[in-house]
Amino acid sequence: MSRNDEFRHEPVMVEETLEQLAPGRGGWFLDGTVGGGGHAAALLDRFPDARVLGLDRDPEAVAAARRRLARYGDRARIERANFRNAREVVRATADIEDAHGLAGALLDLGVSSQQIDTTARGFSFRLDTPLDMRMGGTTSGRRPAADFLNHASEEELGRVFREYGEERRWKRLARAVTRRREDAPYETSGDLVETLEEVLGPRLTNQDKARIFQALRIEVNDELGALEEGLEQLRELLAEGGRMVVIAYHSLEDRIVKNAFRDWSKSCVCPPELPVCRCRGEPLGRNLTSGPLSPGEEEVERNPRARSARLRAWEKRRGGEA
Ligand SMILES: C[S@@+](CC[C@H](N)C(=O)[O-])C[C@H]1O[C@@H](n2cnc3c(N)ncnc32)[C@H](O)[C@@H]1O
């Protein structure tokens, strides 16, 4: 196994990402979800004048990205941070301030194959490990998934199964969780799989299990909240003409990205309660993708995890907001 194979994750839609993010430009790029550094390495290889500030909330990913990107010297800088705090991290990086902002920003959302397949943190229904699911580990300030199952109200549980998991039988499932925890608290991913099998019956597929596990992960890590805040910050941090690329794997994430890019591309961006237009009718930028881009068949065949990827890109207007 080579050093780069230590972190098992195949980056998704690399060509499409590079094409949208950096048509031949140099400068600082922020990779807010650097993971194993796959996209970052591709960017640094392709564009010799590019530099990457890579963030990840997972300490194991940070260590892997540092190892993988060490050969680029000071062209790559990796920090442990949530991208919802990108502003703070970027402001502490003097060279980016000097460059008047980021040439580009990338978010490749969700979890890596490494996190799903090999960490003992309960991300996968296939491994019976403690049901934790905190991407940022024990210091993230979030509660582990088992705590959520053991203490959330039936309504809260139902909301997560219904909204994030798009589970039709969300009521039954929420009720079953509250009943089961009276006998024995949830501890492992196997405990949750048992409940799913009991409640959802023999026709339960692996995809169903994956959907419920993903829903719980989204809740545990406040992934949608981080995305909403992160998008705003990244837009502010972009230089004029800077580009943002987001790859989403869940319909709610993709909807947040779609709406943000659409709103920022409207000619008037004043809040509706303002009686007169203050923004002078100038859009903040333009959508580069009219609909989401999806991976090609060949990529999906090679890497089935790419299947649900949806890529959108946006460009900040020149002469726009400072
Ligand atoms: C799909 S992987 C990214 C893989 C990466 N593009 C690569 O090529 O290796 C998503 C990564 O984003 C991280 N992540 C998810 N949400 C985050 C957030 N709000 N802030 C920082 N990192 C986050 C996860 O820990 C995970 O390592």
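Here, each number is a calculation from the coordinates, and none is a lab measurement. From a predicted model like this one, the values you see are computed outputs, not experimental measurements. So basically every Cβ, Gly included, is an ideal-geometry build from the backbone, and we count neighbours across all protein chains shown.
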Query - P(r), alpha carbons of region 18-124 - 5 Å bins starting at zero, rounded % - result: 2, 13, 25, 24, 20, 9, 4, 2, 0
Report summary line: So the compactness index of the chain, its C-alpha Rg divided by 2.2 N^0.38 Å, takes the value 1.04
Query raised in the report: Using modelled amide H (1.01 Å from N, peptide plane; none on Pro or chain starts), what sits under 5 Å from the amide H of T188, excluding residues fewer than 5 places away?
Result: L131
Query raised in the report: How large is the Kirkwood hydrodynamic radius of region 72-125, in angstrom, based on all distinct alpha carbon pairs?
Result: 13.8
Query raised in the report: Going from the alpha-carbon gyration tensor of region 245-311, what semi-axes, largest first and in whole Å, does one get by taking the root of 5 times each eigenvalue?
Result: 34, 11, 6
Query raised in the report: In the P(r) worked out for region 114-182, what percent of Cα pairs fall beyond 19 Å?
Result: 41
Requested in this report: Calculate, for R168 and E273, the FRET efficiency according to 1/(1 + (r/R0)^6) with r their C-beta to C-beta distance and R0 45 Å; round to the nearest 0.05.
Outcome: 0.75
Report task. Kindly state, to the nearest 0.05, the FRET efficiency for E155 paired with S251, given R0 = 30 Å and r defined as their beta-carbon distance. Result -> 0.85
Requested in this report: Using amide H atoms built 1.01 Å from N in the peptide plane, name the residues 5+ places from R51, or on other chains, whose amide H lies under 5 Å from its own.
Outcome: G27, W28, F29
Query raised in the report: If only Cα atoms are counted, what is the Rg of region 154-198, and what is its Dmax, in Å?
Result: 10.1, 27
Requested in this report: Mind jotting down the three principal axis lengths of region 186-322 based on Cα atoms? Whole angstrom, largest first.
Outcome: 59, 39, 22
Report summary line: Among M244, M133, M13, the residue with the largest mean-square fluctuation in a Gaussian network model of the chain built from Cα contacts under 10 Å is M13
Query raised in the report: Can you give the extra length, in nm with one decimal, that the chain gains between N206 and A120 once fully stretched, where that is 0.36 nm per residue apart less the Cα-Cα distance?
Result: 29.0 nm
Requested in this report: Evaluate Rg over Rh across region 143-220, taking Cα atoms for both radii and Kirkwood's formula for Rh.
Outcome: 0.91
